[in-house]
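To start, the structure under review is shown below, and the notes come after it.
We did not get these values from a lab; they are worked out from the coordinates using the rules stated. Bear in mind that the values here come from a model prediction, so they are computed numbers and not experimental data. Here the Cβ positions follow ideal geometry from the backbone for every residue, glycine too, while neighbour counts run over all protein chains shown.
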Amino acid sequence: MTVRFGLLGAGRIGKVHAKAVSSNPKAKLVAVADAFEKAATDLAGQYGCEVRSIADILAAKDIDAVVICTPTDTHADLIEQFTKAGKAIFCEKPIDLSVERVKACLKVVDAEGGTLMVGFNRRFDPHFMAVHDVIAKGEIGDVEMVTIISRDPGAPPVDYIKRSGGILRDMTIHDFDMARFLLGEEIETVSAQASVLVDKAIGEAGDHDSVSVMLATASGKHATISNSRRATYGYDQRIEVHGSKGAVAAENQRPVSIEVANAKGYTRPPLHDFFMTRYTEAYALEITAFIDAVESKSPASPSGIDGLIALALADAALKSIQEGRAVKVSEITGVMADKSVFQGR
């Protein structure tokens, strides 16, 4: 079976997914849509597909699935429309900036029996997957503490910041999902601190550029997240998991893994410059997992529920920063009043 794709959005992340889809032998990129005609035309020319409107892709009989890479405030509406049209959906995070809007969207997906996968690509990074496998095999015993370091080489434009939902919903959300993935338990309490240390314009836009978060489960396991919009030495992506019998870590990756020794000492090449090159293989494996779910008609993972929980953790962290206290995730999700949202996870 060849899964025929429509791509919604031909920007930076759209280009990443276009490459992943086009490189997969089980996939065919049929059409691309973008509000900027040149962006769509250029990408279509590169991969030999058509330029179509979103409405045309929605109605198309020759498209089985879509990859949603449009601005965040369009995601939930598009998910609902394409679910009702019977198409499988891969959507970049987050589904929306509102927990309540995400809940409503997921109810539509469930009612239609739709396939929805949320783009937490780091779960598919071979190095992070290897860490998860070590944990699953019991090689380090019971997980006790997780440390996640994620620092961008530079801040995005302020115009992007204003629409992104802020660092917690845009950047840290990946780390919230990874913390859950590695802890193996749901997070109960969130404590966070944030500052503006990189660019005062980010603060003027109502956001932060430097964030530290502590997550705790009901059993007492901890995850610590360190985020910065500035790393002068490259794209900093590291994980360490400490357990009752040992520890496992994934170090930073480089385009070339060599070490040079001479009279000046030991040197290694610089880190990857950003996510497009650091996570190339993860994006490819992510699309493969989505195609497998479509073919087998099985639930996709990460799911819409995973997207909802990660957003709730981001909101809890923001509330912690604003109020200077630890915040229970249930304050955000209202889980006691709406347990059905979390069933079937």
Determine the calculated [θ] at 222 nm for the chain from helices alone, applying -39500 (n - 2.57) to every DSSP H run no shorter than 4 residues and normalising by the residue count; nearest 500 deg cm²/dmol. -11000 deg cm²/dmol
For D62, project a label point 7 Å along Cα to C-beta. Then give me every residue of the stretch 277-295 with its amide nitrogen under 18 Å of that point. none
Report Rg/Rh for the stretch 174-247, rounded to two decimals, where Rg is the Cα radius of gyration and Rh the Kirkwood radius. 1.04
Subtract the Cα-Cα distance of S298 and R163 from 0.36 nm times their separation in residues, and report this length gain in nm to one decimal. 45.2 nm
Once the mean 1/r over all distinct Cα pairs of the stretch 120-238 is inverted, what Kirkwood radius in angstroms do you read off? 15.1
Beyond a 32 Å Cα-Cα separation, which of these cross-linked pairs lie in this structure: K26/K162; K38/K162; K15/K84; K93/K245; K26/K84; K15/K103? K26/K162; K93/K245
For H272, which sequence-distant residues (separation of 5 or more, or a different chain) have an amide H within less than 5 Å of its own amide H, given hydrogens modelled in the peptide plane? Y235, Q253
How long are the semi-axes of the equivalent ellipsoid of the stretch 187-345, defined as square roots of 5 times the Cα gyration tensor eigenvalues? Whole Å, largest first. 32, 25, 17
Go ahead and set up a Gaussian network model of the chain, Cα springs under 10 Å, then flag whichever of V158, V327, V294 fluctuates most. V158
Mean separation of Cα pairs under 8 Å and 6+ residues apart, divided by the residue count of the chain: what relative contact order is that in percent? 19
√(5λ) per eigenvalue of the Cα gyration tensor, the chain, largest first, Å: 31, 25, 21
Taking chymotrypsin sites (Phe, Trp or Tyr not before Pro) as exposed when in a DSSP loop with at most 11 other Cβ atoms inside 10 Å, the chain has its longest clean stretch at 37-232
For the stretch 124-197 the trypsin sites (Lys or Arg not before Pro) that pass both the DSSP coil test and the at-most-15 other-Cβ-within-10 Å test are K137
Quick one: Cα convex hull volume of the stretch 53-177, Å³ per residue? 160
For the stretch 120-174, alpha-carbon Rg over 2.2 N^0.38 Å: 1.52
Three-way shape label, the stretch 221-289, alpha-carbon gyration tensor, a/c 1.5: oblate
When only DSSP loop residues count, what GluC sites (Glu not before Pro) in the stretch 93-158 have their Cβ near at most 13 other Cβ atoms within 10 Å? E139
Quick one: P(r) of the stretch 3-122 from all Cα-Cα pairs, 10 Å bins, percents rounded to integers, in order of increasing distance. 15, 49, 31, 5
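Within 10 Å of each candidate Cβ there may be at most 14 other Cβ atoms; applying that plus a DSSP loop requirement, which trypsin sites (Lys or Arg not before Pro) in the stretch 1-59 survive?
K26
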